[in-house]
Amino acid sequence: MEHWEKQQRGLLLIISGPSGSGKTTLEGMLEAEEAHILQSISATTRPQRENERDGVDYFFMEKEDFEQKITEGYFLEYAEFNGNLYGTPRAYVEGRLEKGEDVVLNIETIGARQVAEAAPEDVVRIFLLPPSLEVLQRRLFRRKTDSLEVIKQRVESAREEMRTWEEYDYVVINKDLDGSLRKIKQILRAERMRRKRHPWLPEFVEELCTETISEE
Ligand code: 5GP
């Protein structure tokens, strides 16, 4: 058994970055290639897009339901983004961490801040940057999901969002998906090995230090 498989607590990998930075694609690749890490499915009040499935991409909710759930403490964090509410259901995340499994969250900065405050020991934050704003705009055009007006709005939001980069533990400039995935995997590997994530270590080291060696 690998040491990290003995760990008693998983980690929460937060990936933020402007629309078009590649978060969703990279998270999908990470989930497909790495064991023991799954994406959390957020709830949102934003209208469902044509290519999206309820319960897979998001849990689509009416605003009243969402607000009711806020009062019930259902969300680990929530935030308003472009006039819609988005939130991470608490139970799924906590259940997995307790089992020693990792969770990846694709959330914006305000939510990331809330999670970091609530669970500083569990959180690892990565900010994704595009190599240039022009590349970001090109990616948004290629996606064909938004009108010209919405794309312009997203590019303007990107300027604001990118200014929060210093709140993150790691910054990955997403020039190419394979290179960025490799970097994210390296971050994950190293973070899984952190001393604090291995509660069995003190006992192991104590046994090691007090071990009696036979004379033969
Ligand atoms: P979109 O509407 O394009 O799917 O997502 C818009 C923004 O909302 C993205 O920056 C995404 O990271 C963020 N987002 C998605 N789910 C959540 C969530 O549960 N909480 C927070 N705080 N942000 C979210």
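The values are calculated or read from the model by the stated rules, or taken from the named source; none is laboratory data. Keep in mind it's a predicted model, so treat the numbers as computed, not measured. Cβ coordinates were reconstructed from backbone atoms using ideal geometry, including for glycine residues, and neighbour counts include every protein chain displayed. These area figures cover heavy atoms from the full protein model, side chains too; ligands, DNA and RNA do not enter into them. Shrake-Rupley method; radii C 1.70, N 1.55, O 1.52, S 1.80 Å.
Criterion first (at negative phi, more than 11 Å from the ligand (Cβ to nearest atom) and open to solvent by 40 Å² or more (accessible area, probe 1.4 Å)) does Asp57 satisfy it? In short, no. Per the conditions (1) surrounded by 15 or more Cβ atoms within 10 Å (Cβ to Cβ); (2) assigned to a helix (DSSP H, G or I); (3) free of Cβ contacts under 8 Å to residues at least 60 places away in the same chain; (4) hydrophobic (A, V, I, L, M, F, W, C), the sole criterion not satisfied by Ala190 is (1).
State which residue is farthest from Asp57 (Cα to Cα) when the search covers only the range 78-113 and only residues that are within 8 Å of the ligand (Cβ to nearest atom) and open to solvent by 60 Å² or more (accessible area, probe 1.4 Å). By that ranking, first place goes to Ile110. Taken over the range 120-149, the residue count meeting the criterion of being within 14 Å of the ligand (Cβ to nearest atom) and at pLDDT 90 or above is 10. Out of Arg159, Arg143, Arg138, one residue alone is touching a residue at least 12 places away in the same chain (Cβ under 8 Å) and within 21 Å of Arg49 (Cβ to Cβ). It is Arg143.
The residues of the range 82-101 that are more than 25 Å from Ala35 (Cα to Cα) and hydroxyl-bearing (Ser, Thr, Tyr) amount to a single one, Tyr86. Scanning the range 21-42 for residues that are in contact with a Lys or Arg (Cβ under 9 Å, 6 or more places away or on another chain), open to solvent by 10 Å² or more (accessible area, probe 1.4 Å) and within 13 Å of the ligand (Cβ to nearest atom) yields Gly22, Ser40.
Scanning the range 205-216 for residues that are open to solvent by less than 90 Å² (accessible area, probe 1.4 Å) and closer than 28 Å to Asp122 by Cα gives a single hit, Val205.
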